[in-house]
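Here is the structure we will look at, set down as C-alpha cells.
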Amino acid sequence: KGYSNLVNVAKIFNNIDYSDYVIIKDDGMFPNYTDYDDLDILCKDRSELRNQVSKQLDEYSTLGFNIVEKEKGVRNHIDIIPPGFDKLNFRIDLLDKLPYMKQFHHHTNQIEVDSKFYDTVLSRKITKEFNYPLMYESNNKFKANFPCVVDDLVLRFMEWVWQPHKTRHIKYVINNLKSEHEAEFIKTINTFTNIEVDSEYVKEIMEQQYE
C-alpha cells in the first residue's frame, strides 16, 4: 500500500513553535502516512499544541478540507478529511496524560502510572532529523521529537499490557529490546508503574510467539 501524504506532515512539524512533545509508537513511516492513519503525540500542554497544529492546518481548510476537532477525555483528535471524502484521511491524536486507566468493551488491563513518568519521557526525549516526503520539497529537512529508546519500549510494552490484543506492540519490544537496555527497561517499568517485571519475566516474553 502506497503513502497518502495529502497532508504535508513535515511542514507542520517544521513550523510549529512548540517542543514539549514526543511522537509515540512510530511505525517507521514518519513523516509519510497511509490512508486512515493516525499520529499519536504526547505533549506537556495539549491545548497549546492543538492551537499550534490547528494554525498549520488553516491552509487545508482553505483548500476545502474538513478539519474536525474532538475532545476525548485525556486526548484531542484532529481529523483531516479531504474534499469529497466522507471519512478521515489522517488523524493527529494529542495526549497530555497517559490513557492506561481507561477501560473499553474489549479486554483491557488498567495500569497505574506515576505522573512523574510523563515528565521523564519528555525530559529524556531525543530529536531526529528527516527529509520532507518526496512529493513535497524533498531536499528540505526538519526535526521532530521522539522518546528515548528505553521510554519508547516501555510505552509500547504498556500499550500491550493495557490492550493485549494489540500484539504488534509486544512484537516490537521483542524485536528491539537489546541487552544493553534491559536493566533500564525493567527499572523504568518497576519505578513508574504498578506492573512488576524482572529479568526472568522479560526472558519469558522474549521467547513467546505472538500472532
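Data table
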item: Filtered residues of segment 94-132 (kept if open to solvent by less than 60 Å² (accessible area, probe 1.4 Å), closer than 24 Å to Asn51 by Cα and assigned to a loop (DSSP other than H, G, I, E, B)); result: Asp96, Leu98, Pro99, Tyr132
item: Yes/no for Glu137 being under 23 Å from Ile16 (Cα atoms), surrounded by 13 or more Cβ atoms within 10 Å (Cβ to Cβ) and among the acidic types (Asp, Glu); result: yes
item: Unmet criterion (only one of (1) in contact (Cβ under 8 Å) with a residue 40 or more places away in the chain; (2) buried (at least 18 other Cβ atoms within 10 Å of the Cβ); (3) in contact with a helix residue (DSSP H, G or I) (Cβ under 6 Å, 6 or more places away or on another chain); (4) not hydrophobic (A, V, I, L, M, F, W, C)) for Asn15; result: (2)
item: Which numbered condition Arg91 fails, given (1) under 14 Å from Ile41 (Cα atoms); (2) open to solvent by less than 40 Å² (accessible area, probe 1.4 Å); (3) not in a loop (DSSP other than H, G, I, E, B); (4) not aromatic (Phe, Trp, Tyr); result: (2)
item: From the options Lys203, Lys141, Lys178, residue that is more than 24 Å from Met101 (Cα to Cα) and in contact with a strand residue (DSSP E or B) (Cβ under 6 Å, 6 or more places away or on another chain); result: Lys141
item: Test: residue in segment 31-38 that is open to solvent by less than 20 Å² (accessible area, probe 1.4 Å), over 15 Å from the mean Cα position of the chain (by Cα) and touching a residue at least 60 places away in the same chain (Cβ under 8 Å); result: no
item: Filter pass, Phe185 being more than 17 Å from Tyr100 (Cα to Cα), assigned to a helix (DSSP H, G or I) and touching a residue at least 24 places away in the same chain (Cβ under 8 Å); result: yes
item: Test: residue in segment 166-177 that is loosely packed, with under 12 Cβ neighbours inside 10 Å and outside any helix (DSSP H, G or I); result: no
item: Residues satisfying the stated conditions in segment 195-204, i.e. outside any helix (DSSP H, G or I) and either over 22 Å from the mean Cα position of the chain (by Cα) or closer than 11 Å to Val150 by Cβ (or both); result: Glu196, Val197, Asp198
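The values are calculated or read from the model by the stated rules, or taken from the named source; none is laboratory data. Every value quoted in this text rests on a predicted model; they were computed, and no experiment measured them. All Cβ positions, even for glycine, are placed from backbone atoms using ideal geometry, and neighbour counts span all protein chains on display. Only protein heavy atoms, including side chains, enter the accessible area calculation; ligands, DNA and RNA are left aside. Shrake-Rupley method; radii C 1.70, N 1.55, O 1.52, S 1.80 Å.
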